[in-house]
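Asker: Quick one: structure below, then a few questions.
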Amino acid sequence: MTVVAMRERADVTVLTTPEDAEAIAAHAAAHGLAGLRAVAIPLPSRAERLLDMSWFSRLLWFLVYLLWLRDAHVRGRRLHEQRPFDLTMHIAYGSYWLPSPAVDYGIPSIWGPVGGATSTPLPLWRYLGAKGVVDELAKRLSVRVTTLLPSTRRTWRRATVRIAETPETVAALPAG
């Protein structure tokens, strides 16, 4: 819906997975949404196999996503050189602890809505079961590691507009 709303005011280029690119293109064609272009960026090779590794898949997904972001950024740069964008916006997998290349184009950028600062309260862990606890620990480790990435911190500083989903997310971000 965000993309369709934005398309009412401007041409929109969406960098997304091949499946989502097909769905966006079909929706645009069915509804006469000229100026809405979906560009397919496939997952890095071997990613599917990595993501099938049971409990470890959550940590691997973040790694795969970071690699996908890198590929999307390379493609986005090429598209921006061919036909300059006026604005970038990162809306998918919007977590405050993940970087966004949308802030690296030297033009205004919107980052969000982002969330990701909520977690299961410790007293409830006993209801998660062993797999749930491992998953919660993996998430907390992932968050700690990725908030230390220079690219994540650069996203926090460079985003022109920052949209947070919850007060917990606002509190997790650096002041200012």
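Asker: So which residues in region 151-169 are assigned to a helix (DSSP H, G or I) and either surrounded by 14 or more Cβ atoms within 10 Å (Cβ to Cβ) or touching a helix residue (DSSP H, G or I) at 6+ places or on another chain (Cβ under 9 Å) (or both), if there are any at all? Give the derivation first.
Answerer: Step one: filter region 151-169 for residues assigned to a helix (DSSP H, G or I), giving 151-158, 167-169.
151, 152, 153, 154, 155, 156, 157, 158, 168, 169 - these are the residues of region 151-169 that are assigned to a helix (DSSP H, G or I) and either surrounded by 14 or more Cβ atoms within 10 Å (Cβ to Cβ) or touching a helix residue (DSSP H, G or I) at 6+ places or on another chain (Cβ under 9 Å) (or both).
Asker: Next up: Mind listing whichever residues of region 123-150 are within 13 Å of residue 95 (Cβ to Cβ), in a helix (DSSP H, G or I) and either in contact with a Gly (Cβ under 7 Å, 6 or more places away or on another chain) or open to solvent by less than 60 Å² (accessible area, probe 1.4 Å) (or both)?
Answerer: If the condition is that a residue be within 13 Å of residue 95 (Cβ to Cβ), in a helix (DSSP H, G or I) and either in contact with a Gly (Cβ under 7 Å, 6 or more places away or on another chain) or open to solvent by less than 60 Å² (accessible area, probe 1.4 Å) (or both), then 139, 142, 143, 146, 147 are the ones that fit.
Asker: Exactly one condition in (1) within 21 Å of residue 16 (Cα to Cα); (2) at pLDDT below 90 is not met by residue 77; state its number.
Answerer: For residue 77, the failing item is (2).
Asker: For region 93-122, what are the residues that are assigned to a strand (DSSP E or B) and open to solvent by less than 30 Å² (accessible area, probe 1.4 Å)?
Answerer: 95, 109, 111, 112, 114, 115, listed by residue number.
Asker: Looking at this structure, is residue 60 assigned to a helix (DSSP H, G or I) and modelled with pLDDT under 90?
Answerer: Against the criterion (assigned to a helix (DSSP H, G or I) and modelled with pLDDT under 90), residue 60 qualifies.
Asker: Moving to a separate point now. Every residue in region 8-30 that is touching a residue at least 24 places away in the same chain (Cβ under 8 Å) and either among the polar types (S, T, N, Q) or farther than 19 Å from residue 110 by Cβ (or both), please.
Answerer: 13, 16, 17, 18 - these are the residues of region 8-30 that are touching a residue at least 24 places away in the same chain (Cβ under 8 Å) and either among the polar types (S, T, N, Q) or farther than 19 Å from residue 110 by Cβ (or both).
Let's see how each residue does on (1) closer than 20 Å to residue 155 by Cα; (2) in contact with a helix residue (DSSP H, G or I) (Cβ under 9 Å, 6 or more places away or on another chain):
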| residue | (1), (2) |
| --- | --- |
| 90 | yes, yes |
| 97 | yes, yes |
| 104 | yes, yes |
| 108 | yes, no |
| 114 | yes, yes |
| 120 | no, yes |
| 123 | no, no |
| 129 | no, no |
| 137 | no, no |
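Asker: Of the conditions (1) among the aliphatic types (A, V, I, L, M); (2) touching a residue at least 60 places away in the same chain (Cβ under 8 Å); (3) in contact with a strand residue (DSSP E or B) (Cβ under 7 Å, 6 or more places away or on another chain), residue 163 clears all except one; give me its number.
Answerer: Among (1) among the aliphatic types (A, V, I, L, M); (2) touching a residue at least 60 places away in the same chain (Cβ under 8 Å); (3) in contact with a strand residue (DSSP E or B) (Cβ under 7 Å, 6 or more places away or on another chain), residue 163 violates only (2).
Asker: Another question, then. How about region 68-89: which of its residues are among the aliphatic types (A, V, I, L, M), surrounded by 15 or more Cβ atoms within 10 Å (Cβ to Cβ) and without any contact (Cβ under 8 Å) to a residue 40 or more places away in the chain?
Answerer: Within region 68-89, 69 is the sole residue that qualifies.
The values are calculated or read from the model by the stated rules, or taken from the named source; none is laboratory data. Note that the structure is predicted; figures quoted are calculated from it, not measured. Please note: Cβ atoms are built from the backbone with ideal geometry, for glycine as well, and neighbour counts cover all protein chains shown. These area figures cover heavy atoms from the full protein model, side chains too; ligands, DNA and RNA do not enter into them. Shrake-Rupley method; radii C 1.70, N 1.55, O 1.52, S 1.80 Å.
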